[in-house]
Structure formats: C-alpha cells, structure tokens
Amino acid sequence: MNTKLPVEKKKEKINKTKFIDLAKKVREIFEKESEYVQKEEKRNGISNTPRADFLA
Amino acid sequence: MGLVIPRELISSLKNKHLLLDTNIFIDALLHPNDFTDFFNTLKENNIDLVTIDLVKIEFLRGAQDDPTYKSKEQYLQNITKIILPTDEIVIKNVYELLRKYREFGKTIAMADFYLGANLMRYKGNLYLLTRNTKEFPSNIFNLKYIVNYPLPKGIFTYGVYEIKS
C-alpha cells in the first residue's frame, strides 16, 4: 500500500496583500450565494446540505 | 492577536501534512489577515497543507459563472495546491468508518467520512484541522491539539485530529 503523501516541493508563502484582496472578492461571492440559498429555502424548503454555507 | 498555535503542534507536525476542512477555507475568508500568518507559519515549518476533492467541491459549488468559479478556485489554491487522491483504499476506509460510527453516522456529512478515511489512509503522517469538532468522536479519533482564535466577540476553536490506533 502506497502511503506516501504528495508534497508541495516549493512551499510558496502566501502574499498577504493579494490574499486579503482575493478573500474580500470571494467573500462577496459567498454573500451573494447565501442570499440565493436563503431565497431558495423560502421558496422550496430548507436545503439538506448546509455544511459549507457561509452564514452557517 | 491571531490564532494561538500550541508550540508542540509545530514541532510534532514538522514534515507532516495537515488536512484542511471546508470551515477553514470559510473562516480564512472572514479573517484573511490572521489566517495568512497562520498558514505561512505552518508552511515555514515544513507542514504541508492539503485538502480533498469533497472539500473543494463544497467550497466551489454554487458559483454563478466562470469568473466567480475561477476566483473561488484561485483563493483555494493560494492556500493549498494539493488535493489528496480518492483511491480505492480511501473508499474502503469510508465503509469501515460507517461501521465504526454506528447510529451516529446518520448525522455525519459525507465529506467528514472522507476526511476520516484519509486520516486512516495516511495514519501517522496526516492530521485534520477543523472547526467542526462534533463529528470526530473520541472513540475513533484522537484530539491531538486545540487551536484557539480569540475574536472581539467570542473564540473560534479548532481541533487537530489524528486517527486512533
């Protein structure tokens, strides 16, 4: 049984400025998706997969 | 203040892998400044950050168009580029976990079984980081470390788990 895990050879540090900008953008995407989920739940009942819901 | 990392966590996870649950990617969205420091500290100490397809799928789903999908994917890849393969041993481990969880398994999300199955697959080299501390019971998993994250209102608590012998 191969139990060797893949390794990131060159461990690049995260660029904080870029990451914060990107996180802000993705956070807005998640907020919009949450609004959609809430609307859908009002219309069709509660989703059975709320694990990754931004507002959960 | 940032995330409070136990000193022993760094030394014992050196050259090992830390498996990230979906809630880690979500929390890093909310607090990117502190999480950048946290991730970079782990990387500097040769701890590989990894995840699995089910977590990636949970994170990416619901993107309304290609640009939003790509932004989400790019964000995730900033944290980790390593997605552990789901092979037949992992699948076999999922079935073994179903038996071990017994009736409690009814309330467990599919991704959690796969996270646990990967811990079994790479026992001794892979640890799980999650805020979802209810789904990894002590009869199956060892809670190895606790990472606290004090916030202006309340404290987020993360568990670092390994599979039990």
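We did not get these values from a lab; they are worked out from the coordinates using the rules stated. Keep in mind the model is a prediction, meaning the values are calculated, not measured. Methodologically, a virtual Cβ is constructed for each residue, glycine included, from the backbone with ideal geometry; neighbour enumeration extends over all protein chains shown.
Once phi is turned into ³J(HN,Hα) by the Karplus curve 6.51 cos²θ - 1.76 cosθ + 1.60 with θ = phi - 60°, what whole-Hz value does each residue of segment B:3-10 show in order, with x for glycine and proline?
6, 8, 9, x, 4, 5, 4, 4
Using the number of other C-beta atoms within 10 angstrom as an exposure proxy, rank A:Thr3, B:Thr51, B:Thr86, A:Thr17 with the fewest first.
Going from sparsest to densest Cβ surroundings: A:Thr17, A:Thr3, B:Thr86, B:Thr51.
Report, to one decimal in Å, the Kirkwood hydrodynamic radius for chain B based on all distinct Cα pairs.
Answer for chain B: a Kirkwood hydrodynamic radius of 16.4 Å.
Tell me the mean residue ellipticity at 222 nm calculated for chain B from its helices only (DSSP H runs of n ≥ 4, each -39500 (n - 2.57), averaged over every residue, nearest 500).
It comes out at -14000 deg cm²/dmol, rounded to the nearest 500.
Amide H of B:Tyr145 versus every other amide H placed in the peptide plane: which residues, excluding those fewer than 5 positions away on the same chain, fall under 5 Å?
Hits under the 5 Å cutoff: B:Val160.
When the Karplus curve 6.51 cos²θ - 1.76 cosθ + 1.60 is applied with θ = phi - 60°, which whole-Hz ³J(HN,Hα) does each residue of segment B:155-163 get, with x for Gly and Pro?
Those phi angles translate into 9, 8, 10, 10, x, 10, 10, 10, 7 Hz.
What is the order of B:Met120, B:Met1, B:Met110, fewest Cβ neighbours within 10 Å to most?
Placing the least packed residue first, the sequence is B:Met1, B:Met110, B:Met120.
Note down the relative contact order for segment B:17-87 as a percent, whole number, built from C-alpha pairs under 8 angstrom at least six residues apart.
Worked out over segment B:17-87, it gives 39 percent.
Ranked by Cβ crowding within 10 angstrom, fewest neighbours first, how are B:His17, B:His31 ordered?
B:His31, B:His17
With θ taken as phi - 60° and the coefficients 6.51, -1.76 and 1.60, list the Karplus ³J(HN,Hα) couplings across segment B:58-64 in order, rounded to whole Hz; mark glycine and proline as x.
Once rounded to whole Hz, the list reads 4, 6, 7, 4, x, 5, 7.
Please report, in Å, the Rg and the Dmax of the protein assembly as shown, where both are computed over Cα atoms only.
17.2, 51
Jot down the per residue volume, in cubic angstrom and as a whole number, of the convex hull over the alpha-carbon atoms of segment B:8-61.
Convex hull volume per residue, Cα atoms: 75 Å³.
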